Amino acid sequence: MTDELVISFSGPVASRGEVDAYTAFESMLALSQVTTMIIHFGDTGVIRRKDFAKLALDLRLTDTREGSFEFLLNYSSEAQYVAGFVGGAITSGLAWDLIKGAITRVIGGSSRGAISELEQAEEVGEGDVGALVQALEPAIRRAHGAIGHGTNTIVIKVEGDAEQIVFDANSKAYLLTNVINDEVRTKRFMVTSFDGRARTGRIFDLEDEQGYTFELDKDAGFQSLKSIADAARAYALRGRGEFTADIEIVGVFTSIDAVDGRLKKMRILKSAKDMSDL
């Protein structure tokens, strides 16, 4: 079976059955990426950040129509979700439930349903869902590109479901506003990836069970760089499902937060293998 995702652009230009070509197609490209990432995550438990055209995922633009200005996307609602999640085959409408829940969280709302069930699934977990929400944010920010360019709102829905997602000036402001949080905190993390040249990567907060992107402060010393690089290397070389102390560090950090207080990115000021080494 398939579901039909209806993406409606409303505003002074869209009301004439037109949209600004550049910004509307930029928004649609970003929304197709978002939909692909969510369905692929539900199918595999893996967050895909690039090479989306290589995925064997049947997501198709089938039509446009007037009303406001609407794009219609068809996708399979019968993907095989991660083992153990709702017993295997997804039922009609559940893919939409997952799409709706994930996007809602990115724009600052709360959600239940499929995304909450995934957080409880042993094979996925809360931290992976948090990482998905973070990974979706750049594309969802780009999806707001048409807002303010002849389009006031973008409404995302499926036929027959009363709930919908609304992108507007408020959700755009939420995504574009970063709050610098200079409170210095210390926690223990797993380092799951690190780019030594860019001094950026991803860490997993062991207390909150959430994954975050981070950047290593330019003034952090060699020992901080070494502890992070060593932990990332140990993570990459670990056995399947094996987690040891070698992949953990203690980090002193500040953060960039969303307007609602949700932590978006960490700035590591100093790190070490153990608390006594800080």
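The values are calculated or read from the model by the stated rules, or taken from the named source; none is laboratory data. Every value quoted in this text rests on a predicted model; they were computed, and no experiment measured them. Glycine also receives a Cβ, built like all others from the backbone with ideal geometry; neighbour counts cover every protein chain displayed. The accessibility values were calculated without ligands, DNA or RNA, using every heavy atom of the protein model including side chains. Shrake-Rupley method; radii C 1.70, N 1.55, O 1.52, S 1.80 Å.
Brief remarks follow.
- Distance (nanometres) between label positions extended 7 Å along Cα→Cβ at LEU237 and ASP260: 4.2 nm
- Summed over the residues of region 135-272 and divided among them, the accessible surface reaches 51 Å² per residue at a probe radius of 1.4 Å.
- In terms of distances greater than 25 angstrom between alpha carbons, the cross-link table entries LYS187/LYS226; LYS187/LYS264; LYS50/LYS273; LYS187/LYS265; LYS218/LYS264 yield LYS50/LYS273.
- Inter-label distance, nm, simple model (7 Å from Cα along the C-beta direction), LEU55/PHE25: 2.2 nm
- Computed on region 118-234, with alpha-carbon pairs under 8 angstrom and 6+ residues apart, the relative contact order is 20 percent.
- Only one residue of VAL250, SER171, PHE222 has its Cα farthest out toward the positive end of the dipole of region 168-267, where Lys and Arg carry +1 and Asp and Glu -1 on Cβ, and that residue is PHE222.
- Gain in span if fully extended, ASP277 to VAL155, counting 0.36 nm per residue against the direct Cα distance: 38.8 nm
- Heavy-atom accessible surface of region 1-72: percent carbon and sulfur, 1.4 Å: 52 percent
- Mean sequence separation of contacting Cα pairs (under 8 Å, at least six apart), scaled by the length of region 128-192, corresponds to a relative contact order of 25 percent.
- Taking 1.567 mPa s as the viscosity and 4 °C as the temperature, the Stokes-Einstein diffusion coefficient of region 123-231 based on its alpha-carbon Kirkwood radius rounds to 76 µm²/s.
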